[in-house]
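Step one of this worksheet: look at the structure below.
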2 protein chains.
Amino acid sequence: MAKDVEQTIIDAAIRLFSEKGYAATSIRDIANSIDMTSASLYYYIKNKKDLLNLIMNRYLTLLINNANETIAAVEDDDPSDKLKALINNHVQNHGFNKLAALVVDTEYRSLEGEHKAHVKKLRSEYEQIWLDVLEEGKAAQIFSYENAKITSFAMINLCTGVAHWYREDGALSIQNIAEEYTMLGLKMVLA
Amino acid sequence: MAKDVEQTIIDAAIRLFSEKGYAATSIRDIANSIDMTSASLYYYIKNKKDLLNLIMNRYLTLLINNANETIAAVEDDDPSDKLKALINNHVQNHGFNKLAALVVDTEYRSLEGEHKAHVKKLRSEYEQIWLDVLEEGKAAQIFSYENAKITSFAMINLCTGVAHWYREDGALSIQNIAEEYTMLGLKMVLA
DNA sequence: GTCTATACGTCGATAGAC
DNA sequence: GTCTATCGACGTATAGAC
């Protein structure tokens, strides 16, 4: 059963970290929200820092793996289709794992030392995927923009924003939103 | 001299809140960073909550006022020019007052009660400015998009992202970045 | 595995001397 | 205006019983 309890703890941490922020959430908050004492919680986790690190690593890695898979699945190697796939993947990810995505996007400053360095590396890795697609499209004269780095940051920021306002019980499904973002994002760079 | 000290405190708070976050910053941190004791700090401020509220209100109000002014200055009432003005204003604002902008954008969850409600109202007010321009452009068949609300959120998220990666000592001036974002943003909605 | 009890640091905020 | 000293609450984390 240890595996289930661990996931329950992680989910509770994600919920509270995304709501109140890492620093404002206490170990007691997390434990009490799943009817545990803080002492019991320490049977499953090493400390608070590692809990945040685990969450950020897991969901950032998932985002990267999904991005690589969805790009590899593009049949004709068309940069437009690749960019669509990246936008769609990012928006869907930020919809389905909204709370975890919020933690990943807002708690980078709460990391320290090697944990921070590693997450920084993962971020660069993810940005590079977008950069490659954008530059491939420009070389093929399908895309048009001034600065690749600015444009990749702009595209990622655009898609990340979804997690800040998307509501599961809202009128718009995450599929609808992903479609609209795909259109908006593609128009942004099409020649 | 009281006025100067107050601004010094606010600037120190902005720096630390943007670096470590509101919850992770102590009153002692703020005081010590300007060679004061925490007890002296309380001569100038009422409490920690009010300090955050003051910062968020001041810079959000500034953003709104600048947005209204820059729109009013558009001569021919062209929606494209208005949208360009909004994008330019938002990006320049997030460049010049980068640290304050980061606090405004990331510490909404740290507000409580009436403070939170008021900032929420200010946010809606700002979003409405963008919505009006987008809908005016669509009515004039200059813009083309599916959902106005999604599009306005997308445009604002896009421009807000600048504060997360812009460096004053970087190769790109905030003017360059604002110009590029104006282009990208406009292309996103042009018919 | 889960608990009670607790060590020990730091927090926001105040009292009162100077 | 600025300080030292301090209060009571709450933070992370551990010890040790069951």
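Throughout, read-outs are computed from the coordinates displayed, never taken from laboratory work. Not measured: the values here are computed from a predicted model. Heads up, the Cβs are rebuilt from the backbone with ideal geometry, glycines too, and the neighbour counts pull from every protein chain shown.
A few remarks follow.
- Nearest-0.05 FRET efficiency for B:Arg28 and B:Ala140, computed from C-beta distance (R0 35 Å): 0.05
- Tensor-based shape of region A:80-140 (alpha-carbon gyration tensor, a/c under 1.5 rounded, otherwise prolate or oblate): oblate
- Computed packing ranks the peptides B:71-81, A:79-89 as A:79-89, B:71-81, most packed first, by mean other Cβ atoms within 10 Å.
- Square roots of 5 times each gyration tensor eigenvalue, C-alpha, region A:113-177, largest first, Å: 25, 22, 9
- The same position B:Gln7 in the other copies lies at 5.6 nm from this copy, comparing label points 7 Å beyond Cα toward the beta-carbon, shortest first.
- Nearby lysines by direct alpha-carbon distance to B:Lys84 (threshold 19 angstrom, same-chain neighbours under 8 apart not counted): A:Lys187, B:Lys138, B:Lys149, B:Lys187
- Charge dipole (debye, nearest 20) of region A:65-191; +1 at Cβ of Lys and Arg, -1 at Cβ of Asp and Glu: 480 debye
- Inter-probe distance in nm under a simple model that places probes 7 Å from Cα toward Cβ, at B:Glu19 and A:Ala117: 2.1 nm
- 5 angstrom amide H check on B:Phe143, placed H, neighbours 5+ away: B:Lys138, B:Ala191
- Sequence-distant aspartates and glutamates (8 or more away, or on other chains) whose Cα lies within less than 19 Å of B:Lys98: A:Asp105, A:Glu107, B:Asp11, B:Glu19, B:Glu107, B:Glu168, B:Asp169, B:Glu179, B:Glu180
- For region A:1-88, alpha-carbon Rg relative to the globular expectation (2.2 N^0.38 Å, N residues): 1.47
- Charge dipole (Cα centre; +1 on Lys/Arg Cβ, -1 on Asp/Glu Cβ; no other charges) of the protein assembly as shown amounts to roughly 1440 debye.
- Annotation for A:Ala117, label-to-label distances across the other copies: 4.9 nm (shortest first, one decimal, point 7 Å from Cα along Cα→Cβ).
- Copy-to-copy label distances for A:Asn68, where each label lies 7 Å from Cα along Cα-to-Cβ, are 5.2 nm in order of increasing length.
- Once you reduce region B:133-147 and region B:85-107 to the center of their Cα atoms, the two points are 25 Å from each other.
- Degrees, to the nearest 10: A:79-96 long Cα axis against longest axis of chain A: 20 degrees
- With only Cα atoms counted, region A:30-78 has Rg and Dmax values of 17.9, 55 Å.
- Over chain B, relative contact order from alpha-carbon pairs under 8 Å, at least 6 apart, %: 24 percent
- The Kirkwood hydrodynamic radius of region B:55-168, based on inverse pair distances between different Cα atoms, is 14.7 Å.
- Computed across the protein assembly as shown, the Kirkwood radius stands at 22.3 Å (inverse of mean 1/r, all Cα pairs).
- Relative to the longest principal axis of the Cα atoms of chain A, the long axis of helix A:48-72 makes an angle of roughly 30 degrees.
- Three-way shape label, chain B, alpha-carbon gyration tensor, a/c 1.5: prolate
- Relative to the longest principal axis of the Cα atoms of chain B, the long axis of helix B:2-20 lies at roughly 70 degrees.
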